[in-house]
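Asks: Following this message is one structure expressed as structure tokens.
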Amino acid sequence: MPKKEEKLKYQNHFLLESGLSFANFTLLNGMFLIGFALLLGADELMIGILASIPLFANILQVFSAFIIDKTGSKKNTTIISLNLARVLWIIVIFLSFGLITYNPLLLFIIVLVFSSILTAIGNLSLLAWMKDLIPTKVLSEFLGKRNAYASIGGIVVYLIASYLVDWNNSVEMFGLVFLFAIIIGVVGTFMLKDIPQKKGKLKTITFSKFKECMFEPFKKKSFKPLLIYGMVFSFATYVVSPFFIVFMLNDLGMSYFVVSIYLVIYLVARIFGLKIFGKIVDQYGSRPSLVIGSTIKSLTPFVFIFLLSSPWMYVVIFIIFITDAIGNAAIDLGLYRALFKSAPRKNDAYYLSAFTSSTNVIAAIGPIIGGFIAILLKGTIIHPLRFLFAFSFLLRVLSIPLIYKIQEPEKRSVDDVLIRMRTIRYFSFFANVYSIAEFTSKLVLFPSKQLFIIQRLTRNRMKKDVKSAIGVIGKISSSLQRFNVSNID
């Protein structure tokens with residue numbers, strides 16, 4: 001076992017890597033990916049497809065588990081995959097400077113596909129690698145710190161890159177942004193080279209054994225509720241996720257720099273949320289934090305339904321981005337804890353890949369469906385993006401009851417966490433936001449609950465009627481048999 005000083009050193013390396021890697025991710029995705037695609041002539045459907053590609057790529061995370069089994073090295077799988085994923089973007093840089101002229105949008109999609117696949121494989125290996133080295137009892141707190149470092153890295157590059165893109169909104173400037181992303185991404189993976197790993201045995205794993213391991217998580221009853229919630233909430237989030245930025249840029253007329261300011265506010269609030277919820281999740285468990293986070297995040301699309309271009313929009317978006325970040329922090333840490341608790345030491349990589357692959361596949365369908373709906377509603381009296389906001393709100397709220405089916409030995413209530421939140425300085429506000437979000441969610445959940453009760457009562461009544469009918473038929477059958485016997489006599 002490494003000494004305490006060595007443990008601290010490699011934990012710090014993991015933290016620094018997260019800041020650089022998320023900075024890389026920030027510049028190659030989200031606002032900058034959408035902005036570059038718009039310059040290449042992409043419409044809403046194409047933007048939805050582009051946003052879904054990194055999520056679809058996570059299907060192949062399962063091969064990360066296979067590669068780890070074959071090589072016995074989570075470290076090598078991580079470093080090689082992530083470096084290749086980042087270096088591939090050189091092709092997009094050549095494209096942006098006109099050094100490659102063949103069908104720019106198609107070439108951009110191809111690079112994004114292969115880069116996303118390699119990133120998905122590397123990220124799962126990294127997660128499994130950290131799981132080996134970080135004690136479970138401090139895992140949530142460590143992940144909170146790691147996400148905080150990642151957010152800081154995102155903040156710095158958001159501000160610099162958005163200012164440059166506003167100053168010169170051209171494909172060439174995006175090319176420079178992507179070049180910077182490659183450099184910091186490669187430096188990020190370099191931070192991992194001195195971190196130790198637990199040596200795994202080389203396995204002569206057959207395809208049939210690989211298939212058995214791959215499907216094992218889906219057969220485990222205690223794992224299914226977590227998986228179902230993850231898939232439903234992921235779809236509810238990503239069906240509208242890329243279109244918040246489109247709405248702010250096009251409908252509200254904001255500049256890239258103003259949008260980046262809000263994204264920075266989001267990241268700062270998320271750091272705060274991760275710091276608080278890192279301790280809350282370790283103390284109170286996953287379920288209460290998932291309920292609070294999911295409920296708060298349902299407010300975001302609900303507010304955007306009614307948002308108009310006015311001086312007040314800046315204040316409203318400021319508040320909603322902060323609350324959404326806090327909700328997201330609660331969900332991320334709650335999910336990671338529940339996932340790490342439910343994944344057994346043996347075949348843990350397959351459990352991690354089963355969850356991330358499944359949820360991301362469902363999430364990937366979201367932007368495509370969202371973009372398709374937006375295209376269909378164009379030219380009608382219904383505002384396409386406001387409709388998507390309403391649709392996302394409905395789905396997010398309907399996912400909340402699924403959380404209560406997640407199995408957790410140390411059950412604590414939402415009220416316990418709210419009481420704790422109200423004792424934390426500057427955090428009691430979010431307990432009140434939860435109360436508001438809970439009220440809006442009940443507008444959806446109450447009628448759906450009543451419908452469920454009606455369905456259950458109807459189902460029970462039908463069972464009774466069927467039993468009664470079977471009984472009557474049985475009596476008639478017995479009477480006919482007696483009648484026939486008496487006639488024969």
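Asks: Considering every Cα-Cα pair within the stretch 247-352, what fraction, in whole percent, is farther apart than 20 Å?
Replies: 49
Asks: Stokes-Einstein at 25 °C, 0.890 mPa s, Kirkwood radius from Cα pairs: D for the stretch 265-313 in µm² s⁻¹?
Replies: The diffusion coefficient I find is 192 µm²/s.
Asks: Roughly how many Å² of ILE280 are accessible to a 1.4 Å probe, to the nearest 10?
Replies: Here the residue's solvent-accessible area equals roughly 0 Å².
Asks: Over 16 Å apart: what share of the alpha carbon pairs of the stretch 372-435 falls there, rounded to a whole percent?
Replies: 67
Asks: A follow-up question, please. From the backbone phi of the stretch 89-101, what are the Karplus-calculated ³J(HN,Hα) couplings (6.51 cos²θ - 1.76 cosθ + 1.60, θ = phi - 60°) in whole Hz, Gly and Pro given as x?
Replies: My calculation for the stretch 89-101 gives 5, 4, 4, 5, 5, 4, 5, 5, 9, x, 6, 10, 10 Hz in order.
Asks: Tell me, what are the semi-axes, in whole angstrom and largest first, of the equivalent ellipsoid of the stretch 350-409 as set by the roots of 5 times the Cα gyration tensor eigenvalues?
Replies: 30, 16, 5
Asks: With just the Cα atoms defining each centre, how far is the stretch 358-386 from the stretch 80-142? Give it in Å.
Replies: One Cα centre to the other: 25 Å.
Asks: Here's something else I'd like to know. Ignoring ligands, DNA and RNA, how do SER309, SER392 rank by accessible area with a 1.4 Å probe, largest first?
Replies: SER309, SER392
Asks: Considering the stretch 289-337, what Rg and Dmax in Å follow from its alpha-carbon atoms?
Replies: Cα only, the stretch 289-337: 12.2, 41 Å (Rg, Dmax).
Asks: Which order do THR356, THR101, THR189 take when ranked by solvent-accessible area (1.4 Å probe, heavy atoms of all protein chains), largest first?
Replies: Ranking THR356, THR101, THR189 by accessible area, largest first, yields THR101, THR356, THR189.
Asks: May I pose another question? Could you calculate the contour length gain from TYR314 to ASN103, that is, 0.36 nm times the residue separation minus the distance between their Cα atoms, to one decimal place in nm?
Replies: 72.1 nm
Asks: What distance in nm lies between label points placed 7 Å from Cα along the C-beta direction at LEU159 and VAL171?
Replies: A separation of 3.2 nm, rounded to one decimal place.
Asks: Between HIS383 and TYR404, what is the label-to-label distance in nm when each label sits 7 Å out along the Cα-to-Cβ direction?
Replies: 3.4
The values are calculated or read from the model by the stated rules, or taken from the named source; none is laboratory data. Just so we're clear, the structure is a prediction, and the values are computed from it rather than from any experiment. Note that we place each Cβ from the backbone using ideal geometry, even for glycine, and neighbour counts take in every protein chain shown. Protein only, heavy atoms only, side chains kept; ligands, DNA and RNA dropped before computing areas. Shrake-Rupley method; radii C 1.70, N 1.55, O 1.52, S 1.80 Å.
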